[in-house]
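Okay, structure first, notes after.
The values are calculated or read from the model by the stated rules, or taken from the named source; none is laboratory data. Everything quoted here is computed from the prediction, not taken from an experiment. Cβ atoms come from the backbone with ideal geometry, glycine included; neighbour counts cover every protein chain shown.
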(Lines give C-alpha, C1' and ligand atoms only; values in the text may rest on other atoms or scores of the structure.)
Protein backbone atom coordinates (compact mmCIF):
# COMPACT_ATOMS: atom_id res chain seq x y z
CA UNK A 1 0.00 0.00 0.00
CA UNK A 2 1.24 3.59 -0.63
CA UNK A 3 2.74 5.59 2.25
CA UNK A 4 0.01 7.44 4.12
CA UNK A 5 -0.29 11.01 5.40
CA UNK A 6 -1.01 9.59 8.84
CA UNK A 7 1.98 9.33 11.13
CA UNK A 8 1.87 7.49 14.42
CA UNK A 9 3.68 7.00 17.71
CA UNK A 10 2.82 3.36 18.16
CA UNK A 11 6.41 2.20 18.50
CA UNK A 12 7.15 4.77 21.21
CA UNK A 13 3.87 4.06 23.01
CA UNK A 14 4.61 0.33 22.98
CA UNK A 15 8.00 1.07 24.49
CA UNK A 16 6.43 3.27 27.15
CA UNK A 17 3.92 0.54 28.02
CA UNK A 18 6.45 -1.98 29.33
CA UNK A 19 7.70 -2.76 25.84
CA UNK A 20 4.36 -4.13 24.75
CA UNK A 21 4.81 -6.54 21.87
CA UNK A 22 3.12 -6.09 18.51
CA UNK A 23 1.32 -9.35 19.16
CA UNK A 24 -0.09 -8.08 22.44
CA UNK A 25 -1.19 -4.80 20.86
CA UNK A 26 -2.79 -6.75 18.01
CA UNK A 27 -4.69 -8.87 20.51
CA UNK A 28 -5.94 -5.82 22.40
CA UNK A 29 -6.96 -4.01 19.20
CA UNK A 30 -8.56 -7.10 17.65
CA UNK A 31 -6.42 -7.26 14.50
CA UNK A 32 -3.58 -9.40 13.17
CA UNK A 33 0.04 -8.68 14.07
CA UNK A 34 0.76 -8.01 10.39
CA UNK A 35 -1.70 -5.13 10.46
CA UNK A 36 0.02 -3.57 13.47
CA UNK A 37 3.35 -3.94 11.63
CA UNK A 38 1.93 -2.21 8.54
CA UNK A 39 0.38 0.63 10.54
CA UNK A 40 3.55 1.15 12.58
CA UNK A 41 5.59 1.36 9.38
CA UNK A 42 3.16 3.91 7.92
CA UNK A 43 2.16 1.57 5.10
CA UNK A 44 -1.46 1.28 6.06
CA UNK A 45 -3.86 3.92 7.37
CA UNK A 46 -6.29 2.27 9.79
CA UNK A 47 -10.01 2.88 9.81
CA UNK A 48 -11.35 5.29 12.41
CA UNK A 49 -12.71 2.38 14.43
CA UNK A 50 -9.37 0.62 14.52
CA UNK A 51 -7.55 3.87 15.34
CA UNK A 52 -9.82 4.29 18.38
CA UNK A 53 -9.24 0.68 19.43
CA UNK A 54 -5.46 1.14 19.25
CA UNK A 55 -5.65 4.38 21.23
CA UNK A 56 -7.82 2.63 23.80
CA UNK A 57 -5.29 -0.18 24.07
CA UNK A 58 -2.74 2.42 25.19
CA UNK A 59 -5.35 4.27 27.30
CA UNK A 60 -4.63 7.57 25.53
CA UNK A 61 -6.49 9.84 23.12
CA UNK A 62 -6.52 9.11 19.40
CA UNK A 63 -4.38 12.18 18.61
CA UNK A 64 -1.73 10.96 21.01
CA UNK A 65 -1.30 7.98 18.71
CA UNK A 66 -2.08 9.28 15.22
CA UNK A 67 -1.26 12.60 13.60
CA UNK A 68 -2.37 13.87 10.23
CA UNK A 69 0.22 15.66 8.09
CA UNK A 70 -0.68 17.89 5.16
CA UNK A 71 2.58 16.96 3.51
CA UNK A 72 3.78 13.38 4.11
CA UNK A 73 7.35 13.17 5.45
CA UNK A 74 10.00 12.41 2.88
CA UNK A 75 12.29 9.40 3.23
CA UNK A 76 15.07 11.73 4.44
CA UNK A 77 12.83 13.25 7.13
CA UNK A 78 11.79 9.78 8.31
CA UNK A 79 15.45 8.96 9.00
CA UNK B 1 1.87 -18.04 6.12
CA UNK B 2 -1.55 -16.39 6.15
CA UNK B 3 -4.61 -18.25 4.78
CA UNK B 4 -4.88 -15.80 1.86
CA UNK B 5 -1.26 -16.44 0.91
CA UNK B 6 -1.73 -20.22 1.05
CA UNK B 7 -4.80 -19.90 -1.16
CA UNK B 8 -2.93 -17.70 -3.65
CA UNK B 9 -0.06 -20.20 -3.88
CA UNK B 10 -2.52 -23.07 -4.39
CA UNK B 11 -4.22 -21.21 -7.24
CA UNK B 12 -0.90 -20.42 -8.92
CA UNK B 13 0.29 -24.03 -8.61
CA UNK B 14 -2.97 -25.32 -10.15
CA UNK B 15 -2.65 -22.81 -13.01
CA UNK B 16 0.99 -23.80 -13.63
CA UNK B 17 0.00 -27.48 -13.64
CA UNK B 18 -2.79 -26.78 -16.14
CA UNK B 19 -0.35 -24.88 -18.39
CA UNK B 20 2.22 -27.69 -18.21
CA UNK B 21 -0.46 -30.28 -18.98
CA UNK B 22 -1.67 -28.16 -21.90
CA UNK B 23 1.84 -28.01 -23.35
CA UNK B 24 2.22 -31.77 -22.92
CA UNK B 25 -1.10 -32.46 -24.64
CA UNK B 26 -0.18 -30.14 -27.47
CA UNK B 27 3.10 -31.98 -28.00
CA UNK B 28 1.55 -35.45 -27.76
CA UNK B 29 -1.85 -35.00 -29.41
CA UNK B 30 -1.86 -31.44 -30.76
CA UNK B 31 -4.81 -29.28 -31.79
CA UNK B 32 -7.89 -28.86 -29.65
CA UNK B 33 -6.75 -31.38 -27.01
CA UNK B 34 -4.97 -28.49 -25.31
CA UNK B 35 -8.36 -27.24 -24.13
CA UNK B 36 -8.74 -30.36 -21.99
CA UNK B 37 -6.00 -29.01 -19.70
CA UNK B 38 -8.37 -26.23 -18.63
CA UNK B 39 -10.35 -28.95 -16.85
CA UNK B 40 -7.62 -29.02 -14.21
CA UNK B 41 -8.65 -25.51 -13.21
CA UNK B 42 -11.63 -27.18 -11.61
CA UNK B 43 -9.28 -27.95 -8.72
CA UNK B 44 -9.77 -24.31 -7.75
CA UNK B 45 -13.02 -25.56 -6.31
CA UNK B 46 -10.96 -26.87 -3.39
CA UNK B 47 -9.92 -23.30 -2.54
CA UNK B 48 -12.09 -22.99 0.61
CA UNK B 49 -9.98 -25.72 2.24
CA UNK B 50 -6.98 -23.41 2.16
CA UNK B 51 -8.75 -20.44 3.72
CA UNK B 52 -9.87 -22.35 6.79
CA UNK B 53 -7.47 -22.35 9.73
CA UNK B 54 -7.92 -23.26 13.34
CA UNK B 55 -7.26 -20.49 15.85
CA UNK B 56 -4.05 -21.13 17.80
CA UNK B 57 -5.41 -19.34 20.84
CA UNK B 58 -8.87 -18.08 21.87
CA UNK B 59 -9.70 -14.64 20.51
CA UNK B 60 -7.00 -14.74 17.83
CA UNK B 61 -7.95 -12.67 14.80
CA UNK B 62 -7.33 -14.44 11.49
CA UNK B 63 -8.62 -11.81 9.04
CA UNK B 64 -9.05 -8.10 9.66
CA UNK B 65 -9.79 -4.90 7.74
CA UNK B 66 -6.34 -4.72 6.13
CA UNK B 67 -6.63 -8.26 4.77
CA UNK B 68 -10.04 -7.45 3.33
CA UNK B 69 -8.62 -4.28 1.72
CA UNK B 70 -5.72 -6.25 0.18
CA UNK B 71 -8.11 -8.89 -1.19
CA UNK B 72 -10.47 -6.19 -2.51
CA UNK B 73 -7.67 -4.43 -4.40
CA UNK B 74 -6.28 -7.71 -5.69
CA UNK B 75 -9.73 -8.70 -6.94
CA UNK B 76 -10.09 -5.40 -8.79
CA UNK B 77 -6.69 -5.97 -10.37
CA UNK B 78 -7.72 -9.50 -11.31
CA UNK B 79 -10.87 -8.30 -13.05
CA UNK B 80 -8.98 -5.59 -14.92
CA UNK B 81 -6.37 -8.11 -16.09
CA UNK B 82 -9.14 -10.54 -17.02
CA UNK B 83 -10.93 -7.97 -19.18
CA UNK B 84 -7.68 -7.07 -20.92
CA UNK B 85 -6.92 -10.76 -21.56
CA UNK B 86 -10.43 -11.34 -22.93
CA UNK B 87 -10.15 -8.48 -25.41
CA UNK B 88 -6.60 -9.39 -26.48
CA UNK B 89 -7.40 -13.09 -27.02
CA UNK B 90 -10.60 -12.23 -28.89
CA UNK B 91 -8.67 -9.87 -31.16
CA UNK B 92 -5.93 -12.47 -31.66
CA UNK B 93 -8.51 -15.06 -32.74
CA UNK B 94 -10.04 -12.61 -35.18
CA UNK B 95 -6.57 -11.71 -36.47
CA UNK B 96 -5.57 -15.35 -37.01
CA UNK B 97 -8.86 -16.37 -38.61
CA UNK B 98 -9.65 -13.40 -40.80
CA UNK B 99 -6.42 -11.54 -41.45
CA UNK B 100 -4.15 -14.55 -41.91
CA UNK B 101 -6.46 -17.24 -43.24
CA UNK B 102 -9.41 -15.19 -44.61
CA UNK B 103 -11.64 -17.55 -42.67
CA UNK B 104 -15.03 -16.00 -41.83
CA UNK B 105 -16.10 -18.67 -39.36
CA UNK B 106 -14.60 -19.48 -35.99
CA UNK B 107 -14.49 -23.02 -34.62
CA UNK B 108 -16.81 -23.58 -31.68
CA UNK B 109 -13.81 -24.96 -29.76
CA UNK B 110 -11.82 -21.79 -30.37
CA UNK B 111 -14.78 -19.66 -29.35
CA UNK B 112 -14.55 -20.84 -25.74
CA UNK B 113 -10.87 -19.92 -25.53
CA UNK B 114 -11.27 -16.21 -24.58
CA UNK B 115 -13.68 -17.13 -21.78
CA UNK B 116 -11.40 -19.80 -20.32
CA UNK B 117 -8.32 -17.61 -20.56
CA UNK B 118 -10.08 -14.57 -19.08
CA UNK B 119 -11.30 -16.73 -16.17
CA UNK B 120 -7.83 -18.14 -15.56
CA UNK B 121 -6.17 -14.73 -15.78
CA UNK B 122 -8.69 -13.25 -13.30
CA UNK B 123 -7.85 -15.85 -10.65
CA UNK B 124 -4.10 -15.93 -11.24
CA UNK B 125 -3.67 -12.14 -11.44
CA UNK B 126 -5.62 -11.82 -8.19
CA UNK B 127 -3.43 -14.46 -6.54
CA UNK B 128 -0.21 -12.77 -7.69
CA UNK B 129 -1.44 -9.37 -6.51
CA UNK B 130 -2.22 -10.82 -3.08
CA UNK B 131 1.26 -12.36 -2.79
CA UNK B 132 2.97 -9.16 -3.94
CA UNK B 133 1.04 -6.96 -1.50
CA UNK B 134 1.69 -9.24 1.47
CA UNK B 135 5.30 -9.77 0.40
CA UNK B 136 6.04 -6.05 0.48
CA UNK B 137 4.94 -5.76 4.08
CA UNK B 138 6.36 -8.95 5.58
CA UNK B 139 9.88 -7.51 5.70
CA UNK B 140 8.88 -4.91 8.30
CA UNK B 141 8.39 -7.22 11.29
CA UNK B 142 10.33 -6.02 14.31
CA UNK B 143 9.54 -8.30 17.25
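For the structure I just gave you, tell me whether residue B:11 is in contact (Cβ under 8 Å) with a residue 60 or more places away in the chain, away from chain A (no Cβ under 14 Å) and more than 17 Å from the chain's Cα centre (by Cα).
Values: in contact (Cβ under 8 Å) with a residue 60 or more places away in the chain: yes; away from chain A (no Cβ under 14 Å): yes; more than 17 Å from the chain's Cα centre (by Cα): no.
Here the answer is no, as residue B:11 does not meet what is asked.
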Being surrounded by 13 or more Cβ atoms within 10 Å (Cβ to Cβ), facing another protein chain (nearest Cβ under 10 Å), modelled with pLDDT under 95 and not in a helix (DSSP H, G or I), is that true of even one residue in segment A:10-21?
yes
If you take just the helices (runs of 4 or more DSSP H) that sit entirely in segment B:60-143, which of them hold at least 3 residues that are under 13 Å from the mean Cα position of the chain (by Cα)?
B:65-94, B:113-138
If I go through segment B:29-45 residue by residue, how many of them are touching a residue at least 40 places away in the same chain (Cβ under 8 Å) and more than 13 Å from residue B:17 (Cα to Cα)?
2
I'd like to check something: does segment B:78-97 contain any residue that is free of Cβ contacts under 8 Å to residues at least 24 places away in the same chain, surrounded by 13 or more Cβ atoms within 10 Å (Cβ to Cβ) and in contact with a helix residue (DSSP H, G or I) (Cβ under 7 Å, 6 or more places away or on another chain)?
yes
Kindly indicate which of B:141, B:129 is modelled with pLDDT of 85 or more, within 14 Å of another protein chain (Cβ to nearest Cβ) and either in contact with a helix residue (DSSP H, G or I) (Cβ under 6 Å, 6 or more places away or on another chain) or surrounded by 13 or more Cβ atoms within 10 Å (Cβ to Cβ) (or both).
B:129
